[in-house]
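FYI, it's all coordinate maths here, none of it is from the lab. Quantities reported herein were computed from a predicted structural model and do not represent experimental measurements. Don't worry about glycine lacking a Cβ; one is built from the backbone with ideal geometry, like all the others, and counts go over all protein chains shown.
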Amino acid sequence: METALPKTELLCPQCGGELHPDEGQIFLDCPYCGSTVFIDKSRVIFHWYLAPTLDEAKAGGALRRWMAGNETVKDLDQKSTVTQVSFEYFPVWYLKRRQPNGKEEILIELSAATSVSELRHIRLLAGDLRKYDSSLDAQSQPPSVPLPTALGWLAERGVPQGEIIEQFLVHIPLYTFKYVYKGQIFTAIVEAGTGSVFANIYPAKAEIPYRTIGCITALAYIVLAFLPLAGAALSGSSGTGLGLAGCIGIGILIAPLLFGIAVWIAAKV
Ligand SMILES: [Zn+2]
């Protein structure tokens, strides 16, 4: 007679107590020690969250400071309009790696899809992490990238799975801002624990105007350098002198002009 297949035993990684999640339940509190865990198929993983320190207004302030900074196009903070703000706890895999030489590092892999993959560069300090609380469920996105998939990505980047010594699921508080600049919609994320801003695509400072003025300057002086030669060709040695005088004179005259244009571009872009 066939007996029911033995259920996979789910044990609390903290106290070893047997866990009995309800059907479909993925977030769980250990009834024995109170650890918060995440059930990834048959794996039990510690579950933490980063407590937000920024409210929506402060996150908006962090966004404006980033927009006013050097990475983005000039006056983006004044020339853009925020059209949408949303808040959620976003899941990431927090993985501690120990290399054979004993060096340890924290690696982050995203546990759900996002248009802002830059989020992978988020810095999380273990000391800032708290036990996950089920009261956050309504605002938490469940992980959709299984841990083995994330470990597979790491292996592709040369991190052997055996070097991952600890793994946690961490929900991080994020404000997602949509803003419009020159008729185009952009997305920026403000991590509400530290105020770090993440964006894949944003109106960046243009480099073309700088290169253009650089080329014009070089060209102008090359042309000037030919003036003495042209003078010599036209009227011999007196022409050379005249050409040389013209070269120096015009060179001195246009220098502040070209410098002025460069300053004007720097102020504009
Ligand atoms: Zn426990």
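How high is the FRET efficiency between Ala51 and Ala113 when r is their beta carbon distance and R₀ equals 25 Å, given to the nearest 0.05?
0.55
Nearest 0.05, what FRET efficiency do Asp22 and Lys103 give at R0 = 45 Å with Cβ-Cβ as r?
0.60
Note the full-extension length gain between Ala233 and Glu166 as 0.36 nm times their separation in residues minus their Cα-Cα distance, in nm to one decimal. Provide the component values of the computation, followed by the final result.
Numbers: separation 67, 0.36 × 67 = 24.12 nm, distance 7.91 nm.
So the extension gain works out to 16.2 nm.
Could you list the square roots of 5 times each eigenvalue of the Cα gyration tensor of the range 18-68, that is, the equivalent ellipsoid semi-axes, sorted largest first and rounded to whole Å?
37, 12, 9
Using 7 Å Cα-to-Cβ label points, what is the Asp133/Ile252 separation (nm, one decimal)?
Rounded to a tenth, the inter-label distance reads 7.4 nm.
Taking the chain as a whole, which cysteines find no other cysteine Cβ under 4.7 angstrom from their Cβ?
Isolated Cys, the chain: Cys215, Cys247.
Given the alpha-carbon gyration tensor of the range 23-119, what are the semi-axes of its equivalent ellipsoid in whole angstrom, ordered largest first, with each equal to the square root of 5 times an eigenvalue?
Each semi-axis is the square root of five times an eigenvalue, giving 35, 20, 13 Å.
Considering only Thr217, Gly16, Ile248, whose Cα is most displaced toward the positive end of the charge dipole of the chain, charges sitting on Cβ of Lys, Arg (+1) and Asp, Glu (-1)?
The Cα lying farthest towards the positive end belongs to Ile248.
For the range 27-198, I need the span (max minus min coordinate) of the C-alpha atoms along each principal axis, in Å, sorted largest to smallest.
51, 37, 26
Starting at the first residue of the range 243-255, write each ³J(HN,Hα) from the Karplus equation 6.51 cos²θ - 1.76 cosθ + 1.60 with θ = phi - 60°, in whole Hz, x for Gly and Pro.
Rounded to whole hertz, the list is x, 5, 4, x, 4, 5, x, 5, x, 5, 5, 7, 4.
For the range 208-268, taking Cα atoms only, what is the radius of gyration to one decimal and the Dmax to the nearest whole Å?
Spelled out, the Cα radius of gyration and Dmax of the range 208-268 are 14.3, 46 Å.
Can you divide the C-alpha Rg of the range 95-161 by 2.2 N^0.38 Å and report the result to two decimal places?
1.27
Please list the non-local residues whose amide H lies under 5 Å from the amide H of Val145, H modeled 1.01 Å from N, same-chain partners needing a gap of 5 or more.
Amide H neighbours of Val145, under 5 Å, 5+ apart: Ala112.
Compute the separation of the alpha-carbon centres of the range 66-102 and the range 6-42 and state it in Å as a whole number.
Cα centroid to Cα centroid, the span is 33 Å.
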